[in-house]
Amino acid sequence: MKEILKLLKFDNENGASLVIVALAMVALLGFTALAIDGGRLYIEKSKLQNALDATVLAGAQGLRTSQTRAIEISEDVSEKNGYKVSASDLSFPDNSIKATKQINVPMTFAKVIGINTATVSASAKATVGPLTKASGISPFVIMKSDIPNRTILNCGSTNPGDLSGNCGYLKTSESNLRDAILKGSTFDSSKTVWTDPGAAVGQVGQAIDELIARDKLKDAAGNFIKPHCQSASTADNSCERVLTFVVIDEWKDVKGNPVTGTSELKIAGFASFYIEKYDDKKLYGEFIKMVEQGEIGTGTGIGEYNLVGVKLDE
């Protein structure tokens, strides 16, 4: 009998040990699930947030063209980042674009405790505002009154005066006007700029023709590589033929230096111009609303056609 009791006692202890081990394994797997799957959720949320940040920043570039263009850009950029958004994921509060997306992430170890998937969500919002400093600005200066109705800009003379649609040239760090147009320069509205009295009409024509030619490149099938750049209504800052000018209040108060011939100008804002052609010392085209990267200020600048910048709000 004693031997039997000993066997029973041993068996009971053995069974209890198995239960304890089993419970410990479940707990261990649970902690493993929290560590591994929790880390996976953190990484996925971070990737989703970064993707949405890039989406709204890019989408805002097309916001001044139209909401349709902003949606197209957002969908394209988000897909390239692995988290495609659709129009239903986007909203357009005042002067901004917001993307909100939710994804399901499959679990690995958490399945042991009955959790097969987990939800991760993120949102991002980009707002546009008047740009006060930017790079890639063309060395042309125009009057505020020319925006947006002036479609022909007379660039045959750089002498300040009351010429309607006059283009003046600005001094830049480039050695010649052609390179200054092709490369663009950085301008800050808080600082004054100087005119360049030198006439270089031939260089202007060469640069403009080259920029337009870049936008007219076609693929092997004969289609435009940049179809949206063929019209001012769909053009954006990816189009070479879209140039941004320095805007001043008026020419009449500008007086040239008697020695150097240059004039000091105060920047009122920046405006973008879609160029259709350059002919007979004139730029033909129209002003368009545009978004660029740079420093954002307050107020409205020169109005609704002021070049604007983008910043993340959330």
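Conditions (1) closer than 23 Å to K111 by Cβ; (2) surrounded by 10 or more Cβ atoms within 10 Å (Cβ to Cβ); (3) at pLDDT 85 or above, marked per residue:
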site	(1), (2), (3)
L5	no, no, no
N12	no, yes, no
L23	yes, yes, no
A33	yes, yes, no
I36	yes, yes, no
A60	no, yes, yes
D76	no, yes, yes
N81	no, yes, yes
Sole exception among (1) crowded, with 20+ Cβ neighbours inside 10 Å; (2) in a strand (DSSP E or B) for V85, by number: (2)
Return the residues of the stretch 274-312 that are within 13 Å of the chain's Cα centre (by Cα) and of a type in the set (G, A, S); say none if nothing qualifies. G294, G309
Just give me the residues in the stretch 239-267 being of a type in the set (D, E, K, R) and modelled with pLDDT under 80, in sequence order. K252, D253, K255
Evaluate the stretch 40-56: report whether one residue or more is in a helix (DSSP H, G or I), among the aliphatic types (A, V, I, L, M), more than 30 Å from A232 (Cα to Cα) and at pLDDT 85 or above. yes
Which residues, counting only those in the stretch 97-120, are among the hydroxyl-bearing types (S, T, Y) and modelled with pLDDT of 90 or more? T100
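Filter the stretch 223-237 for residues that are of a type outside the set (A, V, I, L, M, F, W, C), touching a residue at least 60 places away in the same chain (Cβ under 8 Å) and in a loop (DSSP other than H, G, I, E, B) and give the result. Can you show your working first?
At the first step, the residues of the stretch 223-237 found to be of a type outside the set (A, V, I, L, M, F, W, C) are 223, 226-228, 230-231, 233-234, 236-237.
Within this subset, residues satisfying the condition of being touching a residue at least 60 places away in the same chain (Cβ under 8 Å) are 228, 233-234, 236-237.
Selection gives S233, T234, D236, N237.
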Among the listed residues K281, K289, which satisfies the condition of being surrounded by fewer than 21 Cβ atoms within 10 Å (Cβ to Cβ), closer than 16 Å to C229 by Cα and either at pLDDT 85 or above or not assigned by TED's automatic domain parsing to the domain that holds P148 (or both)? K289
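Hey, among I181, I208, I225, I248, which residue is touching a helix residue (DSSP H, G or I) at 6+ places or on another chain (Cβ under 9 Å) and under 24 Å from T68 (Cβ atoms)? Steps first, please.
On the way: I181 fails: under 24 Å from T68 (Cβ atoms); I208 fails: under 24 Å from T68 (Cβ atoms); I248 fails: under 24 Å from T68 (Cβ atoms).
Just a single option satisfies the conditions, and that option is I225.
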Going through the stretch 191-222 one residue at a time, which ones are surrounded by fewer than 14 Cβ atoms within 10 Å (Cβ to Cβ) and touching a residue at least 40 places away in the same chain (Cβ under 8 Å)? K191, T192, G198, D209
Inside the stretch 102-130, can you point out the residues that are within 25 Å of A51 (Cα to Cα) and either among the β-branched types (V, I, T) or touching a Phe, Trp or Tyr at 6+ places or on another chain (Cβ under 6 Å) (or both)? I103, V105, T108, T117, T119, V120, T127, V128
Can you name every residue in the stretch 173-190 that is within 25 Å of the chain's Cα centre (by Cα) and either in a loop (DSSP other than H, G, I, E, B) or modelled with pLDDT under 85 (or both)? G184, S189, S190
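The values are calculated or read from the model by the stated rules, or taken from the named source; none is laboratory data. The shown structure was predicted, so the numbers you read here are calculated from the model rather than taken from an experiment. Virtual Cβ from ideal backbone geometry, glycine too; neighbours counted across all protein chains shown.
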